[in-house]
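To keep things clear, I will list the structure first and then write my remarks on it.
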Amino acid sequence: MARKHTSKPTDSAPVPTRYVCVHGHFYQPPRENPWLETVEMQESAAPYHDWNERITSECYAPNGASRIQNKQNQIIRIVNNYSRMSSNFGPTLLSWLADFAPRTYRMILDADIASMERYSGHGSAIAQVYNHVIMPLASKRDARTQIRWGIADFKHRFGRMPEGMWLAETAVSRSVLDLMAQEGIRFTILAPHQCARVRPLHQNSSADDGSSHTESHWTETPNASIDPSRPYLVKLDKGRSIAVFFYDGPASRAIAFEGLLNSGEGFGERLIRGFNPDKPADDPQLAHVATDGESYGHHHRHGEMALSYAMHWIEENHHAVLTNYGEFLDRFPPQWEAEVVDNSSWSCVHGVERWRSNCGCNGGKPGWNQLWRGPLRQALDLLRDRTAPLAEATAKPLLKDLWAARDAYINVILNRSPENEDRFLETFATHTLSPEERVTVFELLELERYTQLMYTSCGWFFDEISGIETVQIIAYAGRVLQLAAKLFGEPGQRIEADFLAILLQAQSNVAEVGNGAEVYRRFVTSRRVDMEHVGAHYAISSMFRTYPPSGQLFCYDVQRHSYDLLTSGHGRLALGRASVRSRITEETEEICFAVLHLGDQNLSAAVKRFHTGDDTSWNTFLKGARTAIRKADLAELIRLIDRFFGGTLYSLTSLFADEQHRILTSILNQTLEQVESSLIRIYEEHATLLHFLGENNFAAPPALALTSTFAINASLRRALESETFDPAEVSRLLHRAETDNVTLDSPLLSYTADRRMKRAMVRLEDNAEFQNLTVLHETLALAESIQSLPMDINIWQAQNIWNDMLRRSTSQDWSREWREGFIKLGTTMNIAVEKLVTEASVRAF
């Protein structure tokens, strides 16, 4: 959608002069495995799969459907905060949300459309430099790519050119601003201490000396003394300029660190105090703050509700007008000029030293230092600078301009369809490329992509070089090194030794880790994946799941040519051939495999590349292996596998993390189900005795008490999860828990109830068109039963679905019974139905 043209307020209408804008910088470090293009399980984020999923649940999703409650804690309004605030999302985060949290992703995009309606055609979303690089420390070529990729990603998702752009850590320099202006960016947002000096923009005048204007004197702005209530113009080269908004520093710090989000009204009042009472009444003012968006729900529980209430309170009481930066800039162009402090940022008092030196900005762990930061940046700079000329030389016969192709490669990253890749190559290739040449070109561009990702700022931000964020950027460097060795041969291979020599100087604060080179060897080389590893993963996991003849495995396509599964007693043997193809680089390899599984975790696999002409030896091996398994001759089978494959054997530990966890969980669950059933049976056999002991205040023996606790919690979980929900069974189990003094597993049961309620609401939504009363009554019974659980249940997603159904409804055609049941369901889910129904203007109600 193109941005609507807007005009300034007409002279006949009173023009408001007090405006409020809240900006949220929503961002997570990219966490994808560089070889799989997916985020693997992160145990530190438990009980969630990874930190993206956890923070989405705590922050990104709640801000798309934030609650405003009445004094009875009933929901009176569900609002999309993104539509009324200003925000930027990291492109790599948006990519993850699109794939793994599509409802939240849709909320973000819809909010931008709604904000254009609200704010005179100006969308509230702004762009971000692509992968959170500290721009003043980037090469000019990399900085330009970051800006162009950020703009292209924004246009792809939001359907319009961004007006503003967020700089990672607000790290800025005049040259960076000039690059942004060259690409059409109108404004950015900085911290108040990043302003060096200001002056009024010059006014035309008739001076005695004949000059057409006079220049005002500059006023220095030390100690963040800038007036944040107005926009400033920064003049750049060749007549270019860009507007800068310097946010209210004290109020922003209060949001992040001083508990301001404990009260929505208190938050609103603090925003209003951002206006300067000494300014003339007709002088427009903007009270605005900027913080990490994760403050609203992740760092501060229910922070999103404080934000929505603050904006509601400001509007409801006419304290000010909500706006965004684009609208305010259009209505009130800068009347003042500013110069920025070069190489400054919002999170390092030393400028940008946090990302290249031991400046003292850290988490404050006693005795630790960050001397490793300098060598880490030096190693990455060496990798970038040494690979650049090699990449240019390799690309010369294949691409018209490697760097122009790199800037445009973002369009392939966003859409890897064969048709789009062909269009890209038609534009940038020097000729029609062979399959081998296509692989080379895509590997070159992937190398360049990872030279960007390896500079993600989070790698330097915290205390320790072996921390998860730093290991991640070193893994990106590891992918560059792998591609360099393959593409450039011996010159590329030499780079790794020089890279590690510098990392040897990056001393860890953890004695057993040692240094950056050891971090690389311990945490990165073990993650490296080649086509054989992918084939091994496919072969092993095929013993525990059924794959289609053609399917996808992470960022690879797998085409199965043959597959036999043979059994003998408790043993199973899988034999097969398949082609593995990378969807990223188009590299293809055919492999053959044998997997022997003797039960539980006892498994070994052999994999090797299958060459043209190997059919005879392969068929001979198949014949011998089938004979050995039929005769249950395990020793002969192992000899045959070793003779044919040789080399490395793979085991369950060779699986990629998520699949390893899934398979081990599956193996464990078979045992746990038996244990669980046994304990439930023991409890049921002795339930009357336990009940008698409880009634007579006689302590049950520990063994029986443990059995009852486990059995009742397990039975309740099963009852909640059951597709055929039985409220009477839940009520019976809750009564038993009370009489037998059983402690309920509140976190597990709350999580289970939330998921079950969401599943029921999805089913109801699917049946709403047909007004299926049976499904409605079952959903209502479930909601009532869940409300009876003696614990807090967060049915946030279920409430959202109810609200969406209401707002999308054409309820004039609803039957009376359906209408009454739907209202009762909303009330049961703690929604102030009359208020929401009125706001939705549902005529039938």
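The values are calculated or read from the model by the stated rules, or taken from the named source; none is laboratory data. No experiment lies behind these values; they were computed from the predicted model shown. Every residue, glycine as well, gets a Cβ built from its backbone with ideal geometry; the counts of neighbours run over all protein chains shown. Only protein heavy atoms, including side chains, enter the accessible area calculation; ligands, DNA and RNA are left aside. Shrake-Rupley method; radii C 1.70, N 1.55, O 1.52, S 1.80 Å.
Below is a table of values for the structure above.
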quantity	calculated
Selection status of His561, open to solvent by 10 Å² or more (accessible area, probe 1.4 Å), of a type outside the set (Asp, Glu) and in a helix (DSSP H, G or I)	no
Odd one out for Arg197 among (1) touching a Ser or Thr at 6+ places or on another chain (Cβ under 7 Å); (2) modelled with pLDDT under 95; (3) open to solvent by 60 Å² or more (accessible area, probe 1.4 Å)	(2)
Inter-residue pairs, beta-carbon under 7 Å, first under 23 Å from Ser785 (Cβ atoms) and in region 813-827, second aromatic (Phe, Trp, Tyr), 6+ apart	Leu825/Trp802; Gly826/Trp802
Pair list, Cβ under 8 Å, 6 or more apart: region 483-509 residue closer than 21 Å to Glu464 by Cβ, other residue among the acidic types (Asp, Glu) and surrounded by 14 or more Cβ atoms within 10 Å (Cβ to Cβ)	Ser508/Glu464; Ser508/Glu518; Asn509/Asp463; Asn509/Glu464
Residue that is nearest to the chain's Cα centre (by Cα), among those in region 338-350 that are more than 10 Å from Ile134 (Cβ to Cβ) and buried (at least 20 other Cβ atoms within 10 Å of the Cβ)	Trp346
Scan of region 763-806 for residues that are open to solvent by 40 Å² or more (accessible area, probe 1.4 Å) and more than 31 Å from the chain's Cα centre (by Cα), ordered by number	Glu769, Phe770, Gln771, Asn772, Leu773, Thr774, His777, Glu778, Glu784, Gln787, Ser788, Pro790
In region 28-52, the residues that are over 12 Å from the mean Cα position of the chain (by Cα), among the aromatic types (Phe, Trp, Tyr) and more than 19 Å from Leu655 (Cβ to Cβ)	Tyr48
Helices (runs of 4 or more DSSP H) contained entirely in region 79-170, each with at least 2 residues that are in contact with a Leu (Cβ under 6 Å, 6 or more places away or on another chain)	102-118, 140-158
Boolean, Ile473 is open to solvent by 20 Å² or more (accessible area, probe 1.4 Å), hydrophobic (A, V, I, L, M, F, W, C) and closer than 21 Å to Trp149 by Cβ	no
Criterion: of a type in the set (Gly, Ala, Ser), modelled with pLDDT of 95 or more and open to solvent by less than 20 Å² (accessible area, probe 1.4 Å) - qualifying residue of Ala760, Ala832	Ala760
Residue list for region 512-534, restricted to those being free of Cβ contacts under 8 Å to residues at least 12 places away in the same chain, over 13 Å from Gly478 (Cβ atoms) and either open to solvent by less than 60 Å² (accessible area, probe 1.4 Å) or assigned to a helix (DSSP H, G or I) (or both)	Gly514, Glu518
Subset tally (residues that are surrounded by fewer than 18 Cβ atoms within 10 Å (Cβ to Cβ) and closer than 18 Å to Trp35 by Cα) for region 476-511	2
Yes/no for Thr56 being modelled with pLDDT of 95 or more and either part of a loop (DSSP other than H, G, I, E, B) or open to solvent by less than 50 Å² (accessible area, probe 1.4 Å) (or both)	yes
Among the candidates Val79, Val22, residue that is open to solvent by less than 50 Å² (accessible area, probe 1.4 Å), at pLDDT below 95, touching a strand residue (DSSP E or B) at 6+ places or on another chain (Cβ under 8 Å) and among the hydrophobic types (A, V, I, L, M, F, W, C)	Val79
Residue within region 244-261 that is exposed (fewer than 13 other Cβ atoms within 10 Å of the Cβ) and touching a helix residue (DSSP H, G or I) at 6+ places or on another chain (Cβ under 7 Å) present	no
Every residue from region 125-156 that is β-branched (Val, Ile, Thr) and either in contact with a helix residue (DSSP H, G or I) (Cβ under 8 Å, 6 or more places away or on another chain) or open to solvent by less than 10 Å² (accessible area, probe 1.4 Å) (or both)	Ile126, Val129, Val133, Ile134, Thr145, Ile147
Test: residue in region 312-323 that is of a type in the set (Ser, Thr, Tyr), open to solvent by 30 Å² or more (accessible area, probe 1.4 Å) and either free of Cβ contacts under 8 Å to residues at least 12 places away in the same chain or not in a strand (DSSP E or B) (or both)	no
Restricting region 391-431 to residues that are open to solvent by 70 Å² or more (accessible area, probe 1.4 Å) and either within 32 Å of the chain's Cα centre (by Cα) or of a type in the set (S, T, N, Q) (or both), the residue that is nearest to Ile151 (Cα to Cα)	Asn411
Among (1) open to solvent by 10 Å² or more (accessible area, probe 1.4 Å); (2) touching a strand residue (DSSP E or B) at 6+ places or on another chain (Cβ under 9 Å) - the single one Ala594 does not satisfy	(1)
Residue within region 205-222 that is under 26 Å from His312 (Cβ atoms) and either modelled with pLDDT under 95 or not hydroxyl-bearing (Ser, Thr, Tyr) (or both) present	no
Residue that is surrounded by the most Cβ atoms within 10 Å (Cβ to Cβ) [pool: residues in region 353-379 that are basic (Lys, Arg) and in contact with a Leu (Cβ under 9 Å, 6 or more places away or on another chain)]	Arg377
Region 383-396 residues that are over 17 Å from Phe442 (Cβ atoms), paired with ones that are open to solvent by 40 Å² or more (accessible area, probe 1.4 Å) (beta carbon under 8 Å, 6 or more apart)	Arg386/Asp498
Any chance Glu586 is assigned to a loop (DSSP other than H, G, I, E, B), over 30 Å from Arg377 (Cα atoms) and under 31 Å from the mean Cα position of the chain (by Cα)	yes
Among residues of region 566-588, those that are open to solvent by 30 Å² or more (accessible area, probe 1.4 Å), of a type outside the set (Lys, Arg) and in contact with a Lys or Arg (Cβ under 8 Å, 6 or more places away or on another chain), counted	4
All positions within region 548-583 that are aliphatic (A, V, I, L, M), modelled with pLDDT under 95 and within 29 Å of the chain's Cα centre (by Cα)	Leu553
Residues of region 597-615 satisfying the condition of being without any contact (Cβ under 8 Å) to a residue 24 or more places away in the chain, surrounded by 12 or more Cβ atoms within 10 Å (Cβ to Cβ) and not acidic (Asp, Glu)	Asn602
Residue check, Ile786 β-branched (Val, Ile, Thr), farther than 27 Å from Gly297 by Cβ, part of a helix (DSSP H, G or I) and in contact with a helix residue (DSSP H, G or I) (Cβ under 6 Å, 6 or more places away or on another chain)	no
